[in-house]
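Novice: Encoded as structure tokens, here's the structure I'll be asking about.
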Amino acid sequence: MTDQPLTPAAVDALRQQFRASLAAATAAPQLTALKDEFLGRKSGLVTALLKGLGSLTPDQKREMGAQVNALKQEVEAALTEGLAAAQDARPVGAVDVTLPGRDLPAGRIHPLMRVRQQVEDIFLRMGYEILEGPEVEDDFHNFEALNMPPDHPARDMQDTLYLGAPIVGGIWGQHRVPGGPDAQVRAATLLRTHTSAMQIRYMKTFTPPVRIIVPGRVYRRDDLDLSHTPMFQQFEGLVVGEGITLTDLKGTLEAMMRALFGGETKVRLRPSFFPYTEPSAEVDVSCQGCGGTGCGTCKHTGWLEILGSGMVHPAVLEAVGYDPEKVTGFAFGLGLERVAMLKYGVDDIRLFYENDLRFLEQFPPL
Ligand code: DAH
């Protein structure tokens with residue numbers, strides 16, 4: 001090539017030659033050969049033109065240099081694009097078996113379900129039955145039979161989502177019941193504010209001994225924040241039989257907390273008040289963050305409040321037709337989210353319900 005004069009016509013001729021060759025090349029090997037033919041370092045056709053620049057005058061060099069470089073760029077760009085397209089168009093079966101495989105996303109159990117299964121297993125091993133119950137309740141089971149009559153101040157502790165129409169009467173509009181305002185309240189339907197309502201349903205249906213765990217959703221008129229969601233989940237525990245004492249309650253809670261949080265976990269009962277238990281106790285576990293020595297998580301007390309409990313109130317036993325002279329019992333209720341937050345160090349309850357994979361993927365697959 002070097003013996004040909006380096007003129008605009010020569011550059012143009014090579015451009016035409018390249019375009020014709022390119023039009024005929026489709027597969028990657030042909031394109032690679034073209035790259036050698038035109039851009040090869042030693043004997044590439046475009047390379048030869050570039051070498052020819054050396055023998056020109058400075059003015060010619062400037063003018064022809066620009067033209068040859070433009071051609072070189074055109075050839076490079078066309079070949080790069082062609083090779084990429086050829087790569088994409090590889091026929092099925094032309095698989096590079098040396099490439100690593102693609103990860104298949106593995107599903108995993110939601111952290112709340114994981115904790116729920118653990119709690120259920122702990123109590124199944126201790127001989128409890130596990131059952132759910134209706135989320136739409138009536139006033140009688142959610143409040144009244146639990147020793148909270150219509151005007152009882154304890155009802156203010158739970159901001160209730162009322163559905164309005166009574167269950168008996170359904171959704172057919174106005175429903176008036178004989179007996180005045182109290183009777184009207186008793187007939188109201190609502191979303192259960194706690195799983196304690198199932199204590200009543202179960203005891204009304206079955207005779208002692210009773211040993212049950214009731215997991216399930218509950219609803220309150222709460223705004224979303226770090227520790228509240230209008231729907232959350234609870235476990236209710238209820239044991240009734242002859243000779244059941246507060247010691248049984250404490251032993252049971254200790255067994256549960258050690259199975260959940262580890263063998264070193266300590267449990268303490270603090271006097272409290274619930275209308276459906278007497279005596280009532282708030283239960284704390286030793287802090288998971290510091291092991292009980294005091295840290296930010298437990299506000300330097302070493303303890304974290306985890307559940308409410310107590311000995312079933314005689315009025316509740318009477319309301320379901322049990323004889324409080326013959327049987328006694330204990331009950332407890334705890335929040336599933338609260339347990340999961342403590343167990344996994346989660347500081348915002350809303351994370352459990354946002355279905356953000358970045359959060360969920362941090363829990364190990366099953
Ligand atoms: N129902 C209570 C709540 O929702 C929790 C509770 C406290 C349940 C004491 C019980 C109990 O069975 O005995 O906060």
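The values are calculated or read from the model by the stated rules, or taken from the named source; none is laboratory data. Not measured: the values here are computed from a predicted model. Please note: Cβ atoms are built from the backbone with ideal geometry, for glycine as well, and neighbour counts cover all protein chains shown. Note: accessible area is taken over every heavy atom of the protein model, side chains too, but ligands, DNA and RNA are not part of it. Shrake-Rupley method; radii C 1.70, N 1.55, O 1.52, S 1.80 Å.
Novice: In the chain, what percent of the accessible surface is made up of carbon and sulfur (1.4 Å probe, ligands and nucleic acids excluded)?
Specialist: 54 percent
Novice: Ignoring everything but the protein chains, give the 1.4 Å probe accessible area of Cys290 in square angstrom, nearest 10.
Specialist: Roll a 1.4 Å probe over it and Cys290 shows about 30 Å².
Novice: State the Cα centre-to-centre distance between the stretch 36-92 and the stretch 104-166 in whole Å.
Specialist: 75 Å
Novice: Could you derive backbone 3J(HN,Hα) for the stretch 320-332 from the dihedral phi with the Karplus parameters 6.51, -1.76 and 1.60 (θ = phi - 60°), listing whole Hz in sequence and x where the residue is Gly or Pro?
Specialist: Ordered by residue, 3J(HN,Hα) equals 9, x, 8, 9, x, 6, 9, 10, 10, x, 10, 9, 8 Hz.
Novice: Tell me the label-point distance for the pair Thr293, Leu56, using the 7 Å Cα-to-Cβ offset, in nm and rounded to one decimal.
Specialist: 8.0 nm
Novice: Whole number in Å², please: accessible area per residue of the chain, 1.4 Å probe, ligands, DNA and RNA not counted.
Specialist: 56 Å²
Novice: Around Asp323, with a cut-off of 15 angstrom between Cβ atoms, what is the net charge of the other residues, counting Lys and Arg +1 and Asp and Glu -1?
Specialist: Taking every other residue near Asp323 into account, the sum is -1.
Novice: Enumerate the amide H contacts of Gly216 below 5 Å, restricted to partners 5 or more residues apart or on another chain; note that Pro and chain-start residues carry no placed amide H.
Specialist: Gln234
Novice: Over the chain, calculate the relative contact order: mean separation of alpha carbon pairs under 8 Å at least 6 apart, over the residue count, as a percent.
Specialist: 14 percent
Novice: Shifting gears a bit: Taking the alpha-carbon distance from Lys72 and a cut-off under 24 Å, which lysines remain once sequence neighbours fewer than 8 residues away in the same chain are dropped?
Specialist: Candidates past the 8-residue exclusion: Lys35, Lys42, Lys51, Lys61.
Novice: Under the rule that an exposed site lies in a DSSP loop and has at most 14 other Cβ atoms within 10 Å, name the longest stretch of the chain with no trypsin sites (Lys or Arg not before Pro) of that kind, not counting the sites themselves.
Specialist: 222-298
Novice: Looking only at GluC sites (Glu not before Pro) in DSSP loops with at most 13 other Cβ atoms within 10 Å, what is the longest site-free stretch of the chain?
Specialist: Answer from the scan: 1-131.
Novice: Whose amide H sits under 5 Å from the amide H of Thr277, counting only residues 5 or more places off or on another chain, with H placed in the peptide plane?
Specialist: His313
Novice: As I understand it, the value is the acute angle between the Cα axis of helix 8-24 and the longest principal axis of the Cα atoms of the chain; what does it come to in degrees, rounded to 10?
Specialist: The angle comes out near 50 degrees.
Novice: Sticking with this one: Under the Karplus relation 6.51 cos²θ - 1.76 cosθ + 1.60, θ = phi - 60°, what is the ordered set of whole-Hz ³J(HN,Hα) values for the stretch 196-202, x standing for Gly and Pro?
Specialist: After applying 6.51 cos²θ - 1.76 cosθ + 1.60, I find 4, 4, 6, 3, 5, 4, 5 Hz.
Novice: For the stretch 277-285, in order, what is each residue's ³J(HN,Hα) by Karplus, 6.51 cos²θ - 1.76 cosθ + 1.60 with θ = phi - 60°, in whole Hz (x at glycine and Pro)?
Specialist: After applying 6.51 cos²θ - 1.76 cosθ + 1.60, I find 9, 7, x, 10, 9, 8, 10, 10, 10 Hz.
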